[in-house]
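The block underneath contains the structure these notes are about, expressed in structure tokens.
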Amino acid sequence: MNNTRYDVTSLGELLIDFTQYGVSDQGNPTFEANPGGAPANVLSMLQKLGKKTLFIGKVGDDGFGHQLEEALKEQGISVEGLYKDSEIPTTLALVHKLPNGDRDFSFYRKPGADVMLKAEEVKEEFFDTKIFHLGSLSLTDQPVKDATLKALSIAKENRCIITFDPNLREPLWSSLDDAKKEIAFVMSRADVMKISDNEVLWFTGLDDYDEAIQKIRKGNPNLKLICLSLGKEGSRAYYEDLRVEVPGFITDKTVETTGAGDTFCACLLNFVLEKGLEGLKEEEIREMLRFANAAASLVTTRKGALRVMPEKEEVEKFLEEYR
């Protein structure tokens, strides 16, 4: 790939994840204010893998907004595209851990600063990058939807690789029909997609993962590589005629799953940066999935996401112990 100022530019939500931390003496749940937001989490892991990244988004000009800005800087992520809103507060999310280990999200975003990003704040110079990565949460509201569409257009003009993680959060959409429409639009523009098991079944209306992926590929021949995350079961990759599956790494040290999908996604993007999208071999894809699964497993042993992504050497050591 050609030399660029950045390896990956990402646009989207940057928020505070209030993650359940324990129970007070009075029996009330206690929460820790962790920096989060899927696009920023992805960039944080990419920084740990030695890549140069830039974030585009908006936070409130408040204590949480300043905390988030410092967290990005701390990870080495460029804040050139980060704006502050003097009137709308930083977006908040409460993350409740369910008995089955899954999570339930409650959002404080009506509005939140992340949806206030404007199209005119999306600058051409942000796209001197190899990859433009986005999710779907920046398509739920205006003006951030127009900002996202402008970013997608500039990225296409600059011949960036477009990578997409739908990251469906049902409470943030006015209707799931709107969600499906917007997600379908980005799918039609993307080169690479990471999608979760529940998302692919919801989007296609099918109950078989392989059939669901084939339906998406038939309607989106532009998608050269699709990775399907299966939670603790592992992951699959679909590339040309290949279907590669790797089991997950189960650990009894898991404390929460926040950020696991974002960690996996970052490893996928790192693979694309290093290997490209042409002539990939099955063994290369298998090793990518193993590394991504291992990194995702490691992050589940830590509270939070953005500030606790594993170093490359940690993942390699983890893999070595499992060989």
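Worth a mention:
- Filter result (crowded, with 17+ Cβ neighbours inside 10 Å and modelled with pLDDT of 95 or more) within the range 85-101: 85, 88, 89, 90, 91, 92
- The listed residue being in contact (Cβ under 8 Å) with a residue 40 or more places away in the chain, over 18 Å from residue 256 (Cβ atoms) and either surrounded by 16 or more Cβ atoms within 10 Å (Cβ to Cβ) or in contact with a Cys (Cβ under 8 Å, 6 or more places away or on another chain) (or both), out of 9, 19: 9
- When residues of the range 276-323 are limited to those that are in contact with a helix residue (DSSP H, G or I) (Cβ under 7 Å, 6 or more places away or on another chain), among the acidic types (Asp, Glu) and outside any loop (DSSP other than H, G, I, E, B), the one nearest to residue 68 (Cα to Cα): 314
- When 273, 268 are checked against the criterion of being touching a residue at least 24 places away in the same chain (Cβ under 8 Å), surrounded by fewer than 22 Cβ atoms within 10 Å (Cβ to Cβ) and under 16 Å from residue 47 (Cα atoms), a single residue qualifies: 273.
- Every condition in (1) outside any helix (DSSP H, G or I); (2) touching a strand residue (DSSP E or B) at 6+ places or on another chain (Cβ under 9 Å); (3) more than 20 Å from residue 106 (Cα to Cα) is met by residue 166 except one, and the failing one is (3).
- For residue 132, the conditions (1) part of a strand (DSSP E or B); (2) surrounded by fewer than 18 Cβ atoms within 10 Å (Cβ to Cβ) are fulfilled apart from (2).
- Verdict on residue 54 being surrounded by 21 or more Cβ atoms within 10 Å (Cβ to Cβ) and either touching a Phe, Trp or Tyr at 6+ places or on another chain (Cβ under 7 Å) or at pLDDT below 95 (or both): yes
- Any hit, the range 196-205, residues being in a loop (DSSP other than H, G, I, E, B) and within 24 Å of residue 40 (Cβ to Cβ): no
- Only one entry of 115, 95 meets the criterion of being assigned to a helix (DSSP H, G or I), hydrophobic (A, V, I, L, M, F, W, C) and in contact with an Asp or Glu (Cβ under 6 Å, 6 or more places away or on another chain), and that entry is 115.
- From the list 317, 253, the one residue that fits, being among the basic types (Lys, Arg), surrounded by fewer than 16 Cβ atoms within 10 Å (Cβ to Cβ) and free of Cβ contacts under 8 Å to residues at least 24 places away in the same chain, is 317.
The values are calculated or read from the model by the stated rules, or taken from the named source; none is laboratory data. This structure is a prediction, so every number in the text was calculated from the model and none was measured. Please note: Cβ atoms are built from the backbone with ideal geometry, for glycine as well, and neighbour counts cover all protein chains shown.
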